[in-house]
1. Please go through region 164-181 and pick out each residue that is of a type outside the set (Gly, Ala, Ser) and outside any strand (DSSP E or B).
2. Could you say whether any residue in region 138-154 is surrounded by fewer than 18 Cβ atoms within 10 Å (Cβ to Cβ) and among the aromatic types (Phe, Trp, Tyr)?
3. Among the candidates Val110, Val95, Val40, Val45, which residue alone is closer than 29 Å to Ala216 by Cβ and in contact with a Leu (Cβ under 7 Å, 6 or more places away or on another chain)?
4. I'm trying to understand the selection: among the residues of region 53-106, which are touching a helix residue (DSSP H, G or I) at 6+ places or on another chain (Cβ under 9 Å) and among the charged types (D, E, K, R)?
5. Assess whether Val226 counts as being surrounded by fewer than 21 Cβ atoms within 10 Å (Cβ to Cβ) and at pLDDT 95 or above.
6. Of the numbered conditions (1) part of a helix (DSSP H, G or I); (2) farther than 18 Å from Ser99 by Cα; (3) polar (S, T, N, Q), Ser185 fails exactly one; give the number of that condition.
7. Identify, please: which residue in region 195-221 is assigned to a loop (DSSP other than H, G, I, E, B) and crowded, with 23+ Cβ neighbours inside 10 Å and is, among those, farthest from the chain's Cα centre (by Cα)?
8. Within region 44-97, which residues are of a type in the set (S, T, N, Q) and part of a helix (DSSP H, G or I)?
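The values are calculated or read from the model by the stated rules, or taken from the named source; none is laboratory data. Bear in mind the structure is a predicted one, so any value in this text is a computation, not a measurement. All Cβ positions, even for glycine, are placed from backbone atoms using ideal geometry, and neighbour counts span all protein chains on display.
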Amino acid sequence: MWGVVPAAGRGSRIQPLAFSKELLPVGSRSDGDTSRPCAVSEYLVERLILGGADKICFVISPGKSDILEYFGDHYDGAQLAYVVQPDAAGLCDAVFRASTVIGDRDDVMVGLPDTVWFPKNALAALPTADLSFLLFPVEQPELFDAVVLDGEQVREIQVKRADAGSNWIWGAFKMSAAGFRDLHSLWLQRGRRDEYFGTLVNGYLAAGGSGIGVKAGDVYVDVGTVKGYRTAMALLDTSAEISRPRSSLRAATPAETAETGMPAFDRSAS
């Protein structure tokens with residue numbers, strides 16, 4: 001299974017930085033007996049691996065060679081690949097740029113590299129389906145993509161709407177190989193005009209597609225602002241999960257995905 005890390009954004013909300021925003025140090029990581037700073041995007045890479053990804057594609061802009069230098073060709077058991085997005089043309093463009101290495105046989109998971117969320121193994125709760133979303137409750141859904149459900153079926157994605165009809169937002173999503181192909185084809189048919197994944201999904205649903213929303217998320221923090229950065233640091237200071245060494249990574253069991261126990265934080269920090 002492939003994991004996609006869209007890392008071509010400019011990070012304008014937290015500039016100026018002397019490096020790519022995806023390498024912003026957030027918390028720390030144990031490597032054997034040594035503790036070191038942890039780049040924010042490592043949290044997503046770790047979660048993709050726990051969700052079952054054994055190959056990960058970073059989609060980067062031409063000026064972000066520092067990401068390649070930082071991660072290299074592997075992270076724990078996952079092999080890494082890199083694809084260039086020439087211009088910051090939105091999430092849909094970034095995700096489908098990865099099709100050049102993903103091919104048409106593997107399932108795909110996607111998350112955002114400037115976020116920190118728990119439980120860390122929540123992606124394992126997503127079912128085998130053409131399209132499924134990992135959902136998190138937030139206090140300010142208007143800042144995100146709110147997901148309106150009918151039971152478990154996704155009825156609508158409300159992209160940064162002031163009148164959001166749900167306080168559940170997607171934090172990551174999974175597509176089967178067929179679902180990835182169908183959404184890619186639809187995006188091309190719509191003239192590549194969809195910048196946000198939510199608007200493409202609404203078109204997909206209107207055309208007869210279906211999506212599932214899974215409320216397996218507990219805490220979600222957008223680290224793309226100073227407020228979010230501070231919230232993430234406070235969250236990680238209280239989390240015993242982060243102290244586990246990288247060598248302990250493994251795919252989660254379904255029973256483990258139900259474990260949370262996280263403290264209450266401002267989940268819409270942004």
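1. Residues satisfying the conditions are Asn167, Phe180, Arg181.
2. No, the conditions are met nowhere in region 138-154.
3. Val40
4. Within region 53-106, Lys55, Lys64, Asp66, Asp76, Asp87, Asp93, Asp104, Arg105, Asp106 qualify.
5. no
6. Just one mismatch for Ser185, condition (2).
7. Among those that are assigned to a loop (DSSP other than H, G, I, E, B) and crowded, with 23+ Cβ neighbours inside 10 Å, it is Gly211.
8. Once the filter is applied, which keeps residues that are of a type in the set (S, T, N, Q) and part of a helix (DSSP H, G or I), region 44-97 yields only Ser65.
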